[in-house]
Amino acid sequence: LGLEVSFMPNALKGIDYLKQHPEARAADLLQAFRDPEIDMILCAIGGDDTYRLLPYLFENGELASAVSHKVFLGFSDTTLNHLMLHKVGLNTFYGQSFLSDICELDQDMLPYTRQYFEELIKTGTIKEIRPSEVWYESRTDFGVDQIGKPLKSHLDHGFDLLQGNPVFSGEILGGCLDSLYDIFNGERYADMPLVCNRYALFPNEEDWVGKILLLETSEEKMPPEKFYQALTLLKETGIFDSISGLLVGKPMDEVYSEEYKQILADVIANPSLPVVFNLNVGHAQPRCVIPFGLKATVDATNQVIRFEG
């Protein structure tokens, strides 16, 4: 791919160190933005408890003073990083990570995934997204014997318009539903809602007006009852009255797909709001790359999402 890779000073110090030192993780992010020789910030993986970086990035305007125009790419719990960077005006890219995609155990990156990664690193943006012809079962074993072993694939069926107008536009923002749910619910970390609220991490209702919300679920394969709770909690923010449409990523291994579709209709309770399901983004493989902050036009009839800018 022709990339020159630099690891930030604290990135390889181990899980225990990073968990105990969120300030070190924040320092790495700030250094990456300040370093003029770094063009792209590629997250190693989604991670966990990203919210703990907030005080070290926002208490004294640290992130706002450090941020510069660079490509930032990540998904899963880095949803919180995307929201942080949205707060300081940086458009980011959602959908892939170093360990999950560049380090695919097969002989090469998955072709669909590689297509979008290469477009991003060569052009600095993504012009359009079309659905993958296949999807892959998730890998459950990451041992040495899995090196060179391909994932099992299945034919895919493209974008699935669940309701509303097949064509709609707006800037895309969102991410992993599990992480968004945790912003408001202290089930995983008791102090997380308080910390996120203190720094106003979740965009206000006005900020969501006209945007397209992106949602995808994690490898935990959120049970339908929790999916219902998470969507209901989001609905209470007023978001479904503000957005122009909703994009939903394919669940891993297509688990709970039909249940999710019904819950989406029940919770949103507004048949005129466009909802497109089965995007190849997030935790299911393969993965495209979705630009946040650019005007997007979704055309479910012609199976394409186009971006301007």
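Out of the strands (runs of 3 or more DSSP E) lying entirely within the stretch 253-309, which hold 2 or more residues that are surrounded by 19 or more Cβ atoms within 10 Å (Cβ to Cβ)? Explain how you work it out, then say what you get.
Details: elements: 275-279, 295-299, 304-308.
Fully inside the stretch 253-309 and qualifying: 275-279, 295-299.
Keeping to the stretch 188-203, report how many residues are within 19 Å of LEU57 (Cβ to Cβ) and without any contact (Cβ under 8 Å) to a residue 24 or more places away in the chain. Don't jump to the end; show me each part of the working.
Quick first cut of the stretch 188-203, residues within 19 Å of LEU57 (Cβ to Cβ) only: 189, 191-203.
From what is left, the residues that are without any contact (Cβ under 8 Å) to a residue 24 or more places away in the chain are 191, 193-194, 197.
The number of residues fulfilling the criteria is 4.
Checking SER68 against (1) more than 24 Å from CYS288 (Cβ to Cβ); (2) in contact (Cβ under 8 Å) with a residue 40 or more places away in the chain; (3) of a type in the set (Gly, Ala, Ser): exactly one of these is not met. Which one?
So the condition that SER68 fails would be (2).
Considering every residue within the stretch 234-246, establish whether at least one is free of Cβ contacts under 8 Å to residues at least 60 places away in the same chain, under 18 Å from the mean Cα position of the chain (by Cα) and at positive phi. Steps first, answer last, please.
Residues of the stretch 234-246 that are free of Cβ contacts under 8 Å to residues at least 60 places away in the same chain, as a first pass: 234-242, 246.
Adding the requirement that they be under 18 Å from the mean Cα position of the chain (by Cα) leaves 234, 239, 246.
Keeping just the survivors that are at positive phi gives none.
No; the residues of the stretch 234-246 include none that is free of Cβ contacts under 8 Å to residues at least 60 places away in the same chain, under 18 Å from the mean Cα position of the chain (by Cα) and at positive phi.
Could you grab me the full set of residues in the stretch 144-161 that are hydrophobic (A, V, I, L, M, F, W, C) and either surrounded by 10 or more Cβ atoms within 10 Å (Cβ to Cβ) or more than 26 Å from the chain's Cα centre (by Cα) (or both)? Full working, then the answer.
Initially, the stretch 144-161 is screened for residues hydrophobic (A, V, I, L, M, F, W, C), giving 144, 147, 151, 155, 159, 161.
Those that are hydrophobic (A, V, I, L, M, F, W, C) and either surrounded by 10 or more Cβ atoms within 10 Å (Cβ to Cβ) or more than 26 Å from the chain's Cα centre (by Cα) (or both): VAL144, ILE147, LEU151, PHE159, LEU161.
Just checking, which of GLY74, GLY46, GLY61 is surrounded by fewer than 18 Cβ atoms within 10 Å (Cβ to Cβ), among the small types (Gly, Ala, Ser) and either out of contact with any Leu (no Cβ under 8 Å at 6 or more places or on another chain) or under 24 Å from GLY282 (Cβ atoms) (or both)?
Details: GLY74 fails: surrounded by fewer than 18 Cβ atoms within 10 Å (Cβ to Cβ); GLY46 fails: surrounded by fewer than 18 Cβ atoms within 10 Å (Cβ to Cβ).
GLY61 is the lone residue from the list that is surrounded by fewer than 18 Cβ atoms within 10 Å (Cβ to Cβ), among the small types (Gly, Ala, Ser) and either out of contact with any Leu (no Cβ under 8 Å at 6 or more places or on another chain) or under 24 Å from GLY282 (Cβ atoms) (or both).
Filter the stretch 204-220 down to residues that are without any contact (Cβ under 8 Å) to a residue 60 or more places away in the chain and in contact with a helix residue (DSSP H, G or I) (Cβ under 6 Å, 6 or more places away or on another chain) and give me whichever is surrounded by the fewest Cβ atoms within 10 Å (Cβ to Cβ). Walk me through it before giving the result.
From the stretch 204-220, those without any contact (Cβ under 8 Å) to a residue 60 or more places away in the chain are 204-211, 213, 215, 220; that's our starting set.
From the residues that got through so far, the ones that are in contact with a helix residue (DSSP H, G or I) (Cβ under 6 Å, 6 or more places away or on another chain) too are 208, 215.
Details: TRP208: 23, LEU215: 26.
Checking each candidate, the answer is TRP208.
Out of (1) farther than 22 Å from PHE292 by Cβ; (2) surrounded by fewer than 16 Cβ atoms within 10 Å (Cβ to Cβ), what's the single condition that is false for GLY124?
Evaluating GLY124 over (1) farther than 22 Å from PHE292 by Cβ; (2) surrounded by fewer than 16 Cβ atoms within 10 Å (Cβ to Cβ) leaves (1) as the failure.
Return the total of residues in the stretch 106-126 being at positive phi and among the polar types (S, T, N, Q).
Step one: of the stretch 106-126, the residues at positive phi are 124.
Subset that is among the polar types (S, T, N, Q): none.
Result for the stretch 106-126: 0.
Would you point out which residue out of LEU213, LEU194, LEU201 is at pLDDT 95 or above, of a type in the set (A, V, I, L, M, F, W, C) and over 29 Å from LEU294 (Cα atoms)? Working first, answer last.
Numbers: LEU213 fails: over 29 Å from LEU294 (Cα atoms); LEU201 fails: over 29 Å from LEU294 (Cα atoms).
The match here is LEU194.
If you scan the stretch 208-232, which residues turn out to be outside any loop (DSSP other than H, G, I, E, B) and farther than 21 Å from PHE75 by Cα?
Narrowing the stretch 208-232 to residues outside any loop (DSSP other than H, G, I, E, B): 208, 212-216, 224-232.
Matches in the stretch 208-232: PRO224, GLU225, TYR228, GLN229, THR232.
Being among the hydrophobic types (A, V, I, L, M, F, W, C) and under 28 Å from GLU206 (Cα atoms) is true for just one of VAL276, VAL255. Which residue is that? Full working, then the answer.
Details: VAL255 fails: under 28 Å from GLU206 (Cα atoms).
Residue meeting the stated conditions: VAL276.
Quick grid of which residues meet (1) β-branched (Val, Ile, Thr); (2) touching a strand residue (DSSP E or B) at 6+ places or on another chain (Cβ under 6 Å):
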site	(1), (2)
ASP241	no, no
SER244	no, yes
GLY249	no, yes
GLU259	no, no
GLN262	no, no
LEU273	no, no
ASN280	no, no
VAL289	yes, yes
ILE305	yes, yes
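Check whether at least one residue in the stretch 159-177 is among the charged types (D, E, K, R), farther than 30 Å from LYS19 by Cα and out of contact with any Gly (no Cβ under 7 Å at 6 or more places or on another chain), and report yes or no. Spell out the reasoning first.
At the first step, the residues of the stretch 159-177 found to be among the charged types (D, E, K, R) are 160, 171.
Restricting the remaining residues to those that are farther than 30 Å from LYS19 by Cα gives 160, 171.
So of that shortlist, the ones also out of contact with any Gly (no Cβ under 7 Å at 6 or more places or on another chain) come out as 160.
Yes: one or more hits.
The values are calculated or read from the model by the stated rules, or taken from the named source; none is laboratory data. Quick caveat: nothing in here was measured; it's all calculated off a predicted structure. Cβ sites come from the backbone with ideal geometry, for glycine too, and all protein chains shown count toward neighbours.
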